[in-house]
Amino acid sequence: MEGSLPVLGGELTRVAEGDPTLYTVRAAIILDQDGHRLVAKYYDCTFPSLVEQQEFEKKLFLKTQRSESEVVLVDGVTALCQRSSDVMCFIIGGPDENELMLLSALTCLCESLYHILRKSLERNSLLENMDTVFLVLDEIIDRGVILECESQQVIERLSFKTVSEQAFGFVLFDYITGNNEQREGQRRAALE
């Protein structure tokens, strides 16, 4: 019997049930407090159409609203949930998937977003920084394969401005505007 259909390079490949596979994540979803989609990436064909995805997200939201549990079974898939102020983050895996592995990816996602968005994992900050959210997600999961579970590694890879880059930026700005020559002249006058 065949299982899910991971997408590899645009082609669908079949994975027999019970075979070990690296494709552990079927979807990563972030919903707001009303259950509306903020971010969603589906990595296989479990929910192929937009209508099916939206129906699944509605069921997922309703089931997690009634339950305080972090792990729920919805439509034959395992869903892990983590709440933060007015958003809910989900990692979706198969029914027999290792929940600890999925939880490590979910924790990495939430911690990375929390840190990169300046300790503000809220609906508005997610919408304002959607490009960064997708970069974080792509650093953690690629086509359903969990690549990273350490949020600090993700944060380091996505740190856009390091001290040396900022210093280089100021030197370049001074060079372009001619401020460096004025400073050199002031420093020479002070030394004399």
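Bear in mind these aren't lab numbers, they're just calculated from the coordinates by the rules spelled out. Because the structure is a prediction, the values reported are computed rather than measured. We place every Cβ from the backbone using ideal geometry, glycine too, and count neighbours over all the protein chains shown.
Grab the Cα-Cα distance for residue 62 and residue 34, subtract it from 0.36 nm times how many residues apart they are, and report the gain in nm with one decimal. Each step should come with its number before you reach the end.
Working: separation 28, 0.36 × 28 = 10.08 nm, distance 0.98 nm.
This chain segment gains 9.1 nm when fully extended.
Extent of region 54-137 along each principal axis, from alpha carbon coordinates, in Å, largest to smallest?
Per principal axis, max minus min of the Cα coordinates gives 34, 24, 21 Å.
Subtracting the Cα-Cα distance from 0.36 nm times the residue separation, let me have the gained length for residue 153 to residue 52 in nm, one decimal. Don't skip to the answer; put the middle values down first.
Details: separation 101, 0.36 × 101 = 36.36 nm, distance 3.42 nm.
Using 0.36 nm per residue and subtracting the Cα-Cα distance, I get 32.9 nm.
Provide the packing ranking of 81-91, 114-124, i.e. peptides ordered by the mean count of other C-beta atoms within 10 Å per residue, highest first.
Values: 81-91: 19.0, 114-124: 15.5.
Ranking, from highest mean packing down: 81-91, 114-124.
Pull out the extension gain between residue 69 and residue 138, defined as 0.36 nm times the separation in residues minus the alpha carbon to alpha carbon distance; nm, one decimal. It would help to have the intermediate numbers written out before the result.
Working: separation 69, 0.36 × 69 = 24.84 nm, distance 2.66 nm.
Working it through step by step, the gained length comes to 22.2 nm.
Taking the Cα centre of region 47-143 as the origin and placing charges on Cβ (Lys, Arg +1; Asp, Glu -1), which of 61, 80, 113 is farthest toward the positive end of the dipole?
61
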